[in-house]
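What follows is a set of notes on a single structure, which appears directly below.
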Amino acid sequence: MSRPSQAKLTTTEHNNNGVSVIQSQTTTTTSVAGLQRVPKLLPSAVGVLKAPPPSSEMKKPSAEKDSDEYRQRRERNNLAVKKSRMRSKQKAMDTQQRVNELKEENERLEAKIKLLSKELSVLKDLFLEHAHNLADNVQPPAGNGNAGGSSPAHNPNDTSANGQ
């Protein structure tokens, strides 16, 4: 019939204090002629059930390379790979197109900055020239009031009531 076999599993874990805790488990597997071995779960020291690591005996049997199932899976996989590569290429092309658009916009904006900077410089020069001309044309009053020496009350050409 079947004969149980035992395997010992030893693991090392670190707790929150940095102390190593060594746990030892024994797993029992049972095999029956023609059936796959299935490990039994044993409780660990922290109360969580743990399965032993998969062994080479536990791997899922793969389909034969000559079988229809294998060919169908390969065909589906090949289509999926093609589709994935096409999406990747399309994404790269879209990204490159966006980069080119942004470069063109950047060049336009830099040209606009250059033009506006020139315009600002010209307007500053005009303003400073105009301000300088105004300063030259205005003569500040000298002394106690009138630079001409006569007051409006003494102006002979004044026809207002104050002048008479």
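Of note:
- Heavy atoms of residue 108: accessible area, 1.4 Å probe, square angstrom to 10: 140
- Neighbour net charge for residue 126 - beta-carbon separation under 15 angstrom, K R +1, D E -1: -1
- Heavy-atom accessible area for residue 98, with the other protein chains in place and a 1.4 Å probe, reaches approximately 130 Å².
The values are calculated or read from the model by the stated rules, or taken from the named source; none is laboratory data. Bear in mind the structure is a predicted one, so any value in this text is a computation, not a measurement. Note that each Cβ is placed from the backbone with ideal geometry, even for glycine, and that neighbours are counted across all protein chains shown. To get the accessible areas, we keep the full protein, side chains included, count just its heavy atoms, and leave off ligands, DNA and RNA. Shrake-Rupley method; radii C 1.70, N 1.55, O 1.52, S 1.80 Å.
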